[in-house]
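Structure first, commentary second.
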Amino acid sequence: MIKLKNVSKTYFLGEEKVKAVDNVSLEIKKGEYVSIVGPSGCGKSTLMYTIGLLDTPTSGSVYIDGQDVSKLTDEELSHLRNQKIGFVFQSFNLINKFTALENVLLPTKYLKDKLDFDPQERAEELLKQFGIWDRKDFFPNKISGGQQQRVAVARALIMKPSIILADEPTGNLDTKAGHEILDLLSDLNKKLNVTIVLITHEMDIAKRTKRKIVMKDGQVISK
Amino acid sequence: MKLRNGTYHLIKSAIADFKRNKIRTFLTSLGITIGVMSVVMLIALGLGLKNYISEQFEGLGANLIMVMGGSGLGGGGDEGGGFSGPAGMFGSVIEFDERDVSSLRRIQEIEYVVPTYFKSLSIEAEDNEETGYVMGVNEEFFGLMNSEMLEGNVFDKSDLQGRTKVAVLGHNLSENLFGEAGDGAGRTIRVDNMRLKVIGVLEKTGDREMDKAAVIPYTTTFASLNPDKTFWSIYLGVTSEDDVETASEKAEETLLKRYKEDEFSITEQSEILSTVNQIFAVLNAILVAIGSISLLVGGIGIMNIMYATVTERTKEIGIRRAIGATKKDILVQFLAESVVLSTLGGLVGLLLSVLIVMAIRIFFPAAINTLAVVIAFGVSGFIGVFFGVFPAKRAADLPPIVAIKYE
Ligand SMILES: Nc1ncnc2c1ncn2[C@@H]1O[C@H](COP(=O)(O)OP(=O)(O)OP(=O)(O)O)[C@@H](O)[C@H]1O
Ligand SMILES: [Mg+2]
């Protein structure tokens, strides 16, 4: 499903070289629920953006479903993100001028082929399932953080992706709302067999997943 | 279905942004509104001027041919309009006589033959004096000029045969002599020691010379004013526009039997009109060019705001890229926004221009033509694309990772 081979990402800040991700090789199988854990600044987000095809590694290769993504055009990468990958961010990243429902529907506007489902129906189904259907016409700044993050998860799921990448999804939430989101994610993994990569710096949260990948200074020290 | 869905989403998205920035949207599109308004208004006024002049000409009858001594309109006379007498002409010039009139009358296509004696003179009433123009013509003159009567009647054939001392006054001359233009009918005027009875007053025509003329039978001028029995010019009229060409060719042929080629000239009314039209086409182009400068400024305003918008919405661009928008999707999104913004401005500019033109039409024949509408929509749409494409390109070329991390 996801395979990284000797992936490095180096930032050059004047004279200084920052190895955000340092020669990482790993494999994540379909249906796995994995956490990437490590202290702040160890390169978790950088690794996630690389897996999510938003960033390109300085060296090494990323394979998604066996396909070397460095061979793909920007347009093909966009389509892959649209159809296979769903993002959940710490700061929700909803678009404020759109309502909850419009935010959830946004990815469907970018599919070039025909959708194999009715977007309105699927959005309704997801929002009902997450208990926020009554907030569908609210703008993001008019609902709680927990509700916003559910909208974000619904948006990540609408295209029926095979991978969910969640970067500190509970970071901006209180313990209760955070646990609800984590329950929701593990539910998705169990029931729909969606591959989930959960990024966190809290060991407690990482413990909920079957597999932990531990990072330090850009390197994977345990997988 | 898919396209409609996409376009709908784009426009909806653009309008959502305009709502969030009402003042900015208003000010930005105001630039285009003003630009489109100035172009459309300048065209409308140019057209108005052209219409105004054409109306002046049409008052003279559309199918008019002027035969004059000398080289015609270009050779002198005043610049006031098409109907200028030879009062200001110099040099040795032939004059026509009744023989020319009868030979021209033999041309089949020609309906009206009006010999014209023309002189600027002092015209007296009981206790008033006024400089005006004495025009000696025949009774066909009134038909040729489509004259309308304010008061009384025109003279007829028997007045010409009897050399009766009657006059039909132009509107302004009658007004200046008698106070009220209509009061002239039935009164007496004095021209060159000759007493003439005013039998009618013409409606105002807008032609300076016509409105200040005392029109009398040409035979009456033979007594003392015009002992040589000659005419400065002969006006010819045809009923159908198609005959104008043939009629003027035949008239030339006829006159060439007696005069040399450079001794007279034949000018068609339509020739003058087409010259006027050419002048106005050039004038119009100049006006459009001047107006376009403000459109250009409006376009730069749009570009400026679109660059600001792109920077402001970097995060949104990042989010859209993360959920699958391609570079092209982003490009089209921002392009759609600037086109909608610019076209809205153009539409408002057009509407305002229409209102203004409707208001000034009461006293000036300004007009909105297709060109104006095409400019309002075409050019404002084009400006939206042209000035929007650079900012939109910048948005599209933002690396997704940079955009999504932007705070
Ligand atoms: N655009 C950049 N330019 C330079 N250095 C960067 C850039 N992005 C990240 N880094 C550096 O790369 C390293 C890894 O950053 P990253 O955001 O991946 O860490 P993280 O593990 O996600 O941390 P956190 O838990 O705080 O989110 C850090 O040292 C950071 O300063
Ligand atoms: Mg991070």
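What is the antiparallel percent of DSSP beta bridges lying wholly in the range A:96-223, to the nearest 5? Before the final figure, lay out each step's value.
Working: 3 of 8 bridges.
So the antiparallel bridges amount to about 40 percent of the total.
Under the classification rounded if a/c is under 1.5, otherwise prolate if a/b is larger than b/c and oblate if not, where does the protein assembly as shown fall, given a ≥ b ≥ c as square roots of the Cα gyration tensor eigenvalues? Don't jump to the answer; show the numbers that get you there.
Working: a/c = 4.94, a/b = 3.99, b/c = 1.24.
Verdict is prolate for the protein assembly as shown.
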Evaluate E = 1/(1 + (r/R0)^6) for A:Ser40 and B:Glu249, where r is the Cβ-Cβ distance and R0 equals 56 Å; express this FRET efficiency to the nearest 0.05.
0.05
For the range A:172-195 and the range B:311-369, write down the distance between their C-alpha centroids in whole Å.
44 Å
Karplus 3J(HN,Hα) series, Hz, for the range B:133-148 with 6.51 cos²θ - 1.76 cosθ + 1.60 (x for Gly, Pro)
10, 8, 10, x, 9, 9, 5, 5, 3, 5, x, 4, 8, 6, 5, 10
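Find the percent of Cα-Cα distances in the range A:1-146 that exceed 26 Å, and round it to a whole number. List each step's numbers first, then the result.
Numbers: 4266 of 10585 pairs.
Taking all Cα-Cα pairs of the range A:1-146, the fraction more than 26 Å apart is 40 percent.
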Who wins for biggest fluctuation among A:Ser61, A:Ser162, A:Ser40 in a Gaussian network model of chain A, springs between alpha carbons below 10 Å?
A:Ser40
Please report, in debye to the nearest 20, how large the charge dipole of the protein assembly as shown is about its Cα centre when each Lys and Arg carries +1 at its beta carbon and each Asp and Glu carries -1 there.
6420 debye
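Among the DSSP beta bridges whose two residues both lie in chain B, what percent are antiparallel, rounded to the nearest 5? Provide the component values of the computation, followed by the final result.
Values: 35 of 44 bridges.
Restricted to chain B, the bridges split so that about 80 percent are antiparallel.
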For chains A and B, what's the summed buried accessible area, probe 1.4 Å, to the nearest 100 square angstrom?
2300 Å²
What residues of the range A:87-102 lose no less than 30 Å² of accessible area with every protein chain in place versus their chain by itself (probe 1.4 Å, heavy atoms only)?
A:Asn93, A:Ile95, A:Lys97, A:Phe98, A:Glu102
What is the Cα centroid distance between the range A:203-221 and the range A:59-77, reported in whole angstrom?
25 Å
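Helix-derived [θ] at 222 nm for chain A: sum -39500 (n - 2.57) over DSSP H runs of at least 4, divide by residue count, nearest 500? Mind dumping the intermediate values first?
On the way: 7 runs with 71 residues, N = 223.
Calculated mean residue ellipticity at 222 nm is -9500 deg cm²/dmol.
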Once you average over the residues of A:55-61, how many Cβ atoms of partner chains fall within 10 Å of each Cβ?
1
Spelling out what I want: for every residue of the range B:103-110, take phi, set θ = phi - 60°, compute 6.51 cos²θ - 1.76 cosθ + 1.60 (Karplus), and round to whole Hz; glycine and proline get x.
6, 5, 5, 6, 6, 4, 5, 8
Counting only DSSP beta bridges fully inside the protein assembly as shown, the antiparallel percentage to nearest 5 is 65 percent
Once both labels are modelled 7 Å past Cα along the beta-carbon direction, what's the A:Phe12-A:Glu121 spacing in nm?
5.4 nm
Excluding B:Arg394 itself, calculate the net charge of residues whose Cβ lies under 13 Å from the Cβ of B:Arg394, where each Lys or Arg counts +1 and each Asp or Glu counts -1.
+1
Within the set of other residues whose C-beta is less than 9 Å from the C-beta of A:Glu32, count the net charge using Lys and Arg as +1 and Asp and Glu as -1.
+4
The range B:152-204 to the range B:230-306: how many Å between their Cα centroids?
35 Å
Ignoring ligands, DNA and RNA, what percent of the accessible area of chain A is carbon or sulfur (1.4 Å)?
47 percent
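How much area per residue is accessible in the protein assembly as shown when the probe is 1.4 Å and only protein heavy atoms are counted (Å²)?
Working: 29450 Å² over 630 residues.
Spelled out: the 1.4 Å probe surface of the protein assembly as shown, per residue, equals 47 Å².
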Give the angle, between 0 and 90 degrees and rounded to the nearest 10, that separates the Cα long axis of helix B:269-312 from the longest principal axis of the Cα atoms of chain B.
20 degrees
Each label sits 7 Å from Cα toward the beta-carbon; between A:Thr58 and B:Leu121 the label points are separated, in nm, by 10.7 nm
Residue-ordered couplings for the range A:69-78, obtained by feeding phi - 60° into the Karplus form 6.51 cos²θ - 1.76 cosθ + 1.60 and rounding to whole Hz (Gly and Pro as x), are 6, 5, 8, 8, 7, 4, 5, 5, 4, 4
Can you send over the carbon and sulfur percentage of the accessible area for chain B, probe radius 1.4 Å, protein chains only?
58 percent
Highest GNM mean-square fluctuation among B:Lys197, B:Lys12, B:Lys229, for chain B with Cα springs under 10 Å, belongs to B:Lys12
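Nearest 0.05, what FRET efficiency do B:Arg106 and B:Leu283 give at R0 = 45 Å with Cβ-Cβ as r?
Numbers: r = 42 Å, r/R0 = 0.94.
FRET efficiency, B:Arg106 to B:Leu283: 0.60.
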Distance between modelled label sites at A:Ser91 and B:Ser224, nm, 7 Å Cα→Cβ extension:
10.4 nm
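The values are calculated or read from the model by the stated rules, or taken from the named source; none is laboratory data. Just so you know, these numbers come straight off a predicted model, no measurement behind them. FYI the Cβ positions are ideal-geometry reconstructions off the backbone, even for glycines, and counts take in every protein chain you see. SASA here: full protein model, heavy atoms, side chains in, ligands and nucleic acids out. Shrake-Rupley method; radii C 1.70, N 1.55, O 1.52, S 1.80 Å.
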